[in-house]
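A quick write-up on the structure given underneath.
Every number here is computed from the coordinates shown, using simple stated rules; none is lab data. Worth saying up front: this structure is predicted, and the values here are computed from it rather than measured. Neighbour counts run over all protein chains shown; Cβ positions are idealised from the backbone, glycine included.
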Amino acid sequence: MKKTIILSAIVALLCGCNPETTNLDIVGMFSGSSAGIDERIDDSFRYNDEHGMPVINATAEEYKVYVCTDTHVDFTRKNWEQFIHAYRADLACPLALHLGDLINAQRHWDYMKRPLDSIPANPLKNDTLLAVAGNHDLYFNQWSEYLRLWKTSTYYAIVRTPAGKQDLYIFLDSGEGFLGQRQTEWLKQTLGWADNQGFRHIVVCTHTHLFKRDTSQGHTSNMPLEETYALIHLLKQHKVEMFWCGHDHSREITNLGTMTSIIIDALEDPEKHPAYLIATMDDDPIAYRFVDVK
Amino acid sequence: MKKLSTLILLLAAMLPAMAQVQYGTNQYAVRMNIGYLHNTTYGSHAGFDFGAFMPINEHFEMQADLRFTTANAHAFGVQLRPKFAVPVGEMFIDARLLSGLYEKDGFNDLVQAIGVGYRMDYVSVQLGMSTRLVIPYPYDWHDGSNIIVEPFNLCYRVEAFVRPQTSPWNISFCISNMTDYQIERLWQLIFMANGRYNIDEHWQVNLSALCKPTGMFHLNAKYYAAEVRAGFAYNF
C-alpha cells in the first residue's frame, strides 16, 4: 500500500512536470521556464525598434475600442470567434484589444489564431487587433510562440482622429505578476513623453489586475503590494485615465480617484458569464459598457 | 540575474522559513533589527525594525512592531494573542492590525486579520482571514469613495523549528503570506528563515532572511524581493 502511494505520487509529479500530459506547469511555480521579463522586453523592444509603434487612423472623432481578455482557447473557441465577428462588423471600431491569456496552455496557438484569418475583415475599416501576453501565454516556455504570432508585449499604440486628436494606449507585460525594473523605467519615460503630446485619453492595458475587491479569491494572484502602489502612483501622476486588465476572470471596477481600474470578465468558452468591453472614445471622459456573450 | 533569481528561488524552496523570532516566550522583551532589503520595485534599501513583546499573563500576550525603510515605505503593527494550553502544545488566537505606510506612493495599506493557531515545540501553524483597506492620502475625509476594500483574504503560516522553544538557540523555517510588517494576498507566498541565540538570560541575537518570489500561481515564478535582517533582543 505504502509503495503504491509513493509510486502514484512520483508518477503524478512526473506527469505534472511534463507539458505533454498536463496544462499546468508545476515546475513553473518555483522557477518559470519562459524568458524572464528583461529578456522579453529585449525581444519586444527589438521588434518595436524595427517596426515602430502602431499608429491607427480613426475615421471619426468618436470611435469604439473592443476589449477582451482571458479567452483561454484550447479545444473550443466559440466566444473568441463571436468577439472577432463583433469587432469586425462594427464600422466605428478601428481597434480591438486582447489583454492576455489568449490560449489556455501549450499547443493551441495556431488554433487560436486561425479565426483571425478565416473570419472576413471589413475592407471599409481599419482592422487592428493588439495583444499583451498573459501568464498562460508564457509558462511551459511559450514566449517564443507568443512572439511568433504577436511580435511584442511591451509597446504603445496611438489612435489619430481626422481632426488630429490622439489617444494613447500603453501595453505592459505582466505575465509573471510584476513589471520589473526596466519595463517600469520604460513606462516612466513613455508617460513623461506623453505629458507633452496633448493626448486626449491615456489608457494602460496589461494582464495582471491590481486589486481583488470581490470575494473571488479563486485562483488568480495579484502583483505584490509594493508594485501595486508604486504603479498606481506613477499612472495617476501622469494622468492616465483608465487601467484595463484581466486575469481575475470576474468584472471589477475600482475608482482610484482620477483613474479607473477595470478588470474585464474572461471570454473563455466554459466561463459562466463571458463578456467583453466596448469603450467609446470621444472628447468626453471614456464611456464603456460590457457585452455579455451568449 | 536569471541565475541569481533561480538560485534564490531554489534556496527558498529548500529552506522555507519564518519571521516570528521567539525573542521572548514568558518575558517582556524589546528588539531591534537592521536589514538589507531589495525588491524590483524599490531596488536596494535599508530597513530598521523595532519591536516589543508583552506576555501580559499566562493567557494573553501582545506584540508591537515598527519598521522604517529608506525606500519611504514604513509599517506599524499590533498583535494580540489570547492563548490556551492544551494537553500537547498551545492553541492561540492571533488578532492583528497592520498599517503599511507607503509614503512614497501615497497609500496607507490598513489590514485587520484574525486567525487561530496551534504551536508546539517544533511546529507552529496558523490560519485566518484578513480585510484590507487601501486609503489614499492626502485623504479627503468628506469622500469615502476613494477607499478600496478587499473584504476577504486568507492568511496562513506554517513554521517548523529545529529545537524546542526552551532551547538557548533555535532556527525556524516558514511559509506564509504574512510577516510582522506586511500581509500579502492569498497567493503571494513568502519564504522565511530565522535564527536566534540567547547569549545570556537577557540578551539574544537574531538573524533572519526572507524571499518573496512573484508569479508562483501565474505558474511562472520569478524573483521579486529578498531581505536579510540582523539584530538583538533584550529580555527583561
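Divided by 2.2 N^0.38 Å, where N counts the residues, the Cα radius of gyration of chain A comes to 1.01. Total lysine pairs in chain A at Cα distances under 17 Å, for residues eight or more apart or on different chains: 10. Dividing the summed -39500 (n - 2.57) terms of all DSSP H runs of n ≥ 4 by the residue count of the protein assembly as shown sets its mean residue ellipticity at 222 nm at -6000 deg cm²/dmol. Check the stretch B:2-235 and count each lysine pair with an alpha-carbon distance under 19 angstrom, considering only pairs eight or more places apart or from different chains. Going through the stretch B:2-235 pair by pair, I get 5.
Sparse packing (at most 12 other Cβ atoms within 10 Å of the Cβ) combined with a DSSP loop state is found for the following chymotrypsin sites (Phe, Trp or Tyr not before Pro) in the stretch B:90-188: B:TRP141.
Between A:LYS113 and B:ALA64, the simple spin-label model (points 7 angstrom out along Cα→Cβ) gives 6.2 nm. Along the stretch B:100-111 the Karplus relation, 6.51 cos²θ - 1.76 cosθ + 1.60 evaluated at θ = phi - 60°, assigns HN-Hα couplings of x, 9, 8, 3, 4, 9, x, 9, 10, 9, 9, 10 Hz to successive residues, with x for each Gly and Pro.
Applying Stokes-Einstein at 20 °C and 1.002 mPa s to the Kirkwood radius of the protein assembly as shown, computed over alpha-carbon pairs, gives a translational diffusion coefficient of 87 µm² s⁻¹. For the pair A:PHE45 and B:HIS142, label points projected 7 Å from Cα toward Cβ lie 4.7 nm apart.
Computed over Cα pairs, the Kirkwood radius of the stretch B:2-235 leads via Stokes-Einstein (1.002 mPa s, 20 °C) to a diffusion coefficient of 117 µm² per second. On the beta carbon distance between B:ILE93 and A:ARG148, with R0 = 56 Å, the FRET formula returns roughly 0.55. Suppose R0 equals 35 Å; then what is the FRET efficiency for A:ALA89 and B:VAL123 from their Cβ-Cβ distance, rounded to the nearest 0.05? In this case the efficiency is close to 0.05. Pairs of alpha carbons in the stretch A:55-184 separated by more than 23 Å make up 35% of all such pairs.
Karplus-derived 3J(HN,Hα) values for the stretch B:46-63, using 6.51 cos²θ - 1.76 cosθ + 1.60 with θ = phi - 60°, are 10, x, 10, 10, 10, x, 9, 10, 10, x, 4, 8, 5, 10, 7, 9, 10, 9 Hz; glycine and proline are entered as x.
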